[in-house]
Structures are given as structure tokens and as C-alpha cells.
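Engineer: Once you've had a glance at the structure underneath, I'll fire off some questions.
The values are calculated or read from the model by the stated rules, or taken from the named source; none is laboratory data. The model shown is predicted, which means the values in this text are computed figures rather than measured ones. Here the Cβ positions follow ideal geometry from the backbone for every residue, glycine too, while neighbour counts run over all protein chains shown. These area figures cover heavy atoms from the full protein model, side chains too; ligands, DNA and RNA do not enter into them. Shrake-Rupley method; radii C 1.70, N 1.55, O 1.52, S 1.80 Å.
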Amino acid sequence: MQDDLFGDALPKPSAEGAAAQAPLSQHPAPKEDPPARRTRSGTVAPIAPDDALTTLAAALPAQLRLGTSSWTYPGWKGLVWEGEHSDARLSKQGLAVYAQHPLMRTVSIDRSFYRPLTASQFERYASQVPDDFRFVVKAPSVVTDALVRSEDGRGRQPNPAFLSAELARSECVEPALQGLGHKLGALVFQLSPLPLAQLDRMPMLLERLRTMLLALPALAPTAPEGVIAVEVRDPEWLTPDFAAVLREAGATYCLGLHAKLPALQEQLWILRRLWPAPLVCRWNLHRRFGPFGYQEALRRYGDFEALQDPDLPTRALLAHVIRGTAAAGLPCQVTISNEAEGSAPASVLALAQEVLNVVDAAAPKA
């Protein structure tokens, strides 16, 4: 069954898709226009979706929740909201507007990675979205970083709380459950890059991960669709033993689309090992920027107002994975960052269209 869902019967990249994978030097950065005069209203208003967008959203599998990483980007004018607004205003009003977009049924709360959030903070988020909305929450770095971060964000010293079950429970799982309730979709433990000395101690780290995961409280009584997912930044994690730890603990693997990891197709064997399991995917960074290319992506993509580097092969394959998972009645939560292709809302729209194309192609002919 899973071989059919994630197997080799996938569309080959088109000429356009191959061009999208060309070196960055072949894609000159867009010319900068002179800054426009900004006029801001006091209230953020949602875009008025046209019939095509509403029809597309209604045709997608009910199990699929698409969304972005955070929501506070002024460049999303005309894509998510009307008018121009400051980051500060969008931080306060943007989520409620974002959740009215027909395609946005989930969002990744990324700020929780840098500092643990309280139950009341999560509750404020939950109060701004519809009942059917779900959140992807990143666990705090105090649990997921092997090194303690300095003020510039770099790891300096060994972190004694790395993979601490007690802190994972008290600083992440319990506040998220209390604040979000049934609107919690996924708790993602993104394990940051390990120092070289620890990469050689993978059996010990796997045992620590196993101990932490097994000690976490069950999500289902409060969040029936909630799932614990583990995302990594080092390919050394991606072994059968890693998959076995996730399966034993009832957790799943978060597909991390990032240049630090193998391409999507090379990660699918883990989904086969865990099948049947919900799909959690975070599309983080276009591979052309390399493993340390976030700053370059930020410079190139500017205000994140339009697709600039469509990654057609990744989009096509991800749509097939979504189709197979949703067809089995399993939840699919996919969040996309601006750095994936240039504009997260535009990427969500393009992926939704690709998913619908795949579903239509797979439907039995009359």
C-alpha cells in the first residue's frame, strides 16, 4: 500500500522544473523599485476571495491542512489581507485575518522555539481562529538544542537540558495542550545541528530521544488530531533505529525540506517505516541556497510578495505524498516558509493547485 502512495510512479520534472533548479547565478535578483508611500489603516481586513480560490479550497481533501510559518509579514498585502500594515499590527491582528483565508487551515508558531510560551499565550492564539483550525507548535530550543545559545543565536556550551523529558513536558506539551486544546495539531521537536563530537554518539542520543518521547503525556485526550513529530537537521539521524524509536513512542517524522537534509524523495523511506502515520511537513528553505543560506534567501526574496524560485519537482512530489496520506484518511499538516520559494502564501496556493491536479488524475475515470 505505502509503496503505491510514495513509490516511484511520480511525474518527472518538467523543463520548467529543471530550470527552477539551476544555479542561483542564472537567476538574477529582481530589480528593486523605489519605495512606495505606505498608507496604513487602523484595522487589518482579509482579502475577498474570488470564486476560483473558494472552489479550490473546497475541493481539497478534508484531511489536508495547509499553512505558513508565522503570519506577520507586511509583504503579504493582497495575498492574505488588504492594505499595508506594520509587523507590530500584524502580530496583534494578523492571525485572525490569516485564519479567514480559505486555504489557511494551520500555521506554525515559530516564536515558541526561541522562548517557551505560557498556556495563556497559547490560549490567546486559539481564541483568534475557527474551531476547525489547527496549530503546529515548535518545541523550545532549551529542549531541542544540544548547545546553549548565546545572544547572537549561536551554540556555545553543552546544554544539560537537551532532550529533557521534564522540560519538554512542562515548557512545551502541557502549556500547548492547556492553551490550544483540540486546536493543537502537531508539536514539532526540531533537533538543531549537533556538534561533531555528538554525531559520533548517535546510539546514546537515540536512547535519550526515546526516553523523552515515551515520558510525554498523551495528546489524544485533549487534542484528538494532535501528534508529536521530530524534525532533524543532521542526516545522521535518518536511520532505521531512528524510525524504530519514533514508532515505539507513537511519534512521527516531520519531513524537513531544507538543504541540510537529503531531498524529499530520499526521506520517504522513513514514512514507509512509520506507515500508517499522519503527515507533518515543514518546507523551510529552497535547496539552491545551501545549508546556511537563510540570509541569502532573505536578501533575495525581500518582502515575500511573490514566488521567485518555483521548486516544481518538490511541489509535485509533495502533492503525491499528500494525496496518498489523505486517501488513507490520515491527517496532513504542511507549513511553508517564505524562504521556500519566495512567498509562503503563494507557495500554499501553488501546492493546493498541484494537490488538486494529483487527486483529479488519481480519480477513477467514468
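Engineer: Can you show me the helix-derived [θ] at 222 nm for the chain, built from DSSP H runs with n ≥ 4 at -39,500 (n - 2.57) apiece and divided by the number of residues, rounded to the nearest 500.
Structural biologist: Value at 222 nm, helices only, nearest 500: -10500 deg cm²/dmol.
Engineer: Using unit Cβ charges (K, R positive; D, E negative) and no other charged atoms, how large, in debye to the nearest 20, is the dipole of segment 221-307 about its Cα centre?
Structural biologist: Charge dipole of segment 221-307: 200 debye, to the nearest 20.
Engineer: Moving on to the next point. What do you reckon, how do Asp110, Asp50, Asp311, Asp200 stack up by accessible area (1.4 Å probe), largest on top?
Structural biologist: I get Asp200, Asp50, Asp110, Asp311, largest accessible area first.
Engineer: Per the Kirkwood definition applied to all pairs of different Cα atoms, how many angstroms is the hydrodynamic radius of segment 286-365?
Structural biologist: Hydrodynamic radius (Kirkwood, Cα only) of segment 286-365 equals 13.6 Å.
Engineer: If you count only protein heavy atoms and use a 1.4 Å probe, how large is the accessible surface of His101, to the nearest 10 Å²?
Structural biologist: We get 20 Å² for His101.
Engineer: Just the number: Rg to Rh for segment 248-334, Cα atoms, Kirkwood Rh, two decimals.
Structural biologist: 1.01
Engineer: Springs between alpha-carbon atoms under 10 Å, Gaussian network over the chain: tell me which of Lys138, Lys260, Lys183 tops the mean-square fluctuations.
Structural biologist: Lys260
Engineer: Need one value: the accessible area of Thr43 in square angstrom, 1.4 angstrom probe, rounded to the nearest 10.
Structural biologist: Solvent-accessible area, nearest 10 Å²: 90 Å².
Engineer: Separation between the Thr222 and Ala62 pseudo-spin-labels, each 7 Å from Cα along Cα→Cβ, expressed in nm?
Structural biologist: 2.7 nm
Engineer: For the chain, what does the accessible surface come to per residue with a 1.4 Å probe? Please give it in Å².
Structural biologist: 46 Å²
Engineer: Let me check something: with ligands and nucleic acids excluded, how do Arg149, Arg156 order by accessible area (1.4 Å probe), largest to smallest?
Structural biologist: Listed by decreasing accessible area, they come as Arg156, Arg149.
Engineer: Order these peptides, 286-298, 71-83, by their mean beta-carbon neighbour count within 10 angstrom, highest first.
Structural biologist: Those peptides, ordered most packed to least, come out 71-83, 286-298.
Engineer: Continuing with this model, one more query. Would you check the accessible area of Thr211, probe 1.4 Å, heavy atoms only, in square angstrom rounded to 10?
Structural biologist: Counting only protein heavy atoms, Thr211 exposes about 80 Å² to solvent.
Engineer: At 0.36 nm per residue, and after removing the present C-alpha to C-alpha distance, how many nm does the segment from Lys77 to Leu298 gain when stretched out fully?
Structural biologist: Gain on stretching Lys77 to Leu298: 77.8 nm.
Engineer: Whole-Hz Karplus ³J(HN,Hα) for segment 330-340, in order, using 6.51 cos²θ - 1.76 cosθ + 1.60 and θ = phi - 60°, x for Gly and Pro?
Structural biologist: Each residue's phi maps through the Karplus curve to give 9, x, 10, 10, 10, 10, 10, 9, 4, 6, 6 Hz.
Engineer: Right, another one. If you take every DSSP beta bridge fully contained in the chain, what fraction is antiparallel? Give it as a percent rounded to 5.
Structural biologist: Of the beta bridges lying entirely in the chain, close to 10 percent run antiparallel.
Engineer: Still on this model: First measure r as the distance between the Cβ atoms of Asp131 and Asp360, then evaluate 1/(1 + (r/R0)^6) with R0 = 30 Å and state the FRET efficiency to the nearest 0.05.
Structural biologist: That gives a FRET efficiency of 0.55.
Engineer: Follow-up. What is the gain in length, in nm to one decimal, between Arg169 and Leu330 on full extension, counting 0.36 nm per residue of separation less the C-alpha to C-alpha distance?
Structural biologist: Value of the extension gain: 55.4 nm.
Engineer: Using a Gaussian network model of the chain whose springs link C-alpha atoms within less than 10 Å, name the residue from Pro49, Pro310, Pro193 with the highest mean-square fluctuation.
Structural biologist: Among Pro49, Pro310, Pro193, the largest mean-square fluctuation in the Gaussian network model of the chain belongs to Pro49.
Engineer: Also, quick follow-up: Taking the Cα centre of the chain as the origin and placing charges on Cβ (Lys, Arg +1; Asp, Glu -1), which of Gln198, Tyr253, Ser141 is farthest toward the positive end of the dipole?
Structural biologist: Going by the Cα projections, it comes out as Ser141.
Engineer: Next up: What list of ³J(HN,Hα) values in whole Hz, one per residue of segment 226-233 in order, does the Karplus curve 6.51 cos²θ - 1.76 cosθ + 1.60 (θ = phi - 60°) give from phi, with Gly and Pro shown as x?
Structural biologist: Once θ is set to phi - 60°, the couplings for segment 226-233 become x, 9, 8, 10, 10, 10, 10, 10 Hz.
Engineer: From largest accessible area down, sort Arg210, Arg315, Arg111; use a 1.4 Å probe on the protein chains.
Structural biologist: Arg111, Arg210, Arg315
Engineer: Oh, and also: Give me the Å³ per residue figure for the convex hull around the C-alpha atoms of segment 163-241.
Structural biologist: 96 Å³
Engineer: What does the extension gain come out to for Thr211 and Val148, with contour length at 0.36 nm per residue minus their alpha carbon separation?
Structural biologist: Extra length from Thr211 to Val148 when fully extended: 20.6 nm.
Engineer: Now a separate question. What percent do you get for the relative contact order of segment 187-232 when only Cα pairs under 8 Å and 6+ apart count?
Structural biologist: It comes to 76 percent, rounded to a whole number.
Engineer: Can I ask one more? Using a Förster distance of 35 Å, how high is the FRET efficiency between Thr54 and Asp241, based on the Cβ-Cβ distance and rounded to 0.05?
Structural biologist: The value I calculate is 0.15.
Engineer: Separate question: Once amide H atoms are placed 1.01 Å from N in the peptide plane, what residues at a sequence separation of 5 or more from Ala45, or on another chain, have their amide H within under 5 Å of its amide H?
Structural biologist: Glu82
Engineer: Compute the relative contact order of the chain as a whole-number percentage, counting only Cα pairs closer than 8 Å that sit 6 or more residues apart in sequence.
Structural biologist: Contact order relative to length: 21 percent.
Engineer: Go through Lys92/Lys138; Lys92/Lys260; Lys138/Lys260 and tell me which ones have a Cα-Cα distance over 27 Å in this structure.
Structural biologist: In this structure, Lys92/Lys260 exceed 27 Å between Cα atoms.
Engineer: When only Cα pairs under 8 Å and 6 or more residues apart are kept, what is the percent relative contact order across segment 173-276?
Structural biologist: 30 percent
Engineer: From the alpha carbon gyration tensor of the chain, can you work out the equivalent ellipsoid semi-axes (sqrt of 5 times each eigenvalue) and give them in Å, largest to smallest?
Structural biologist: They are 29, 25, 23 Å, listed largest first.
Engineer: Enumerate the amide H contacts of Val227 below 5 Å, restricted to partners 5 or more residues apart or on another chain; note that Pro and chain-start residues carry no placed amide H.
Structural biologist: HN-HN under 5 Å from Val227: Ala186, Leu187.
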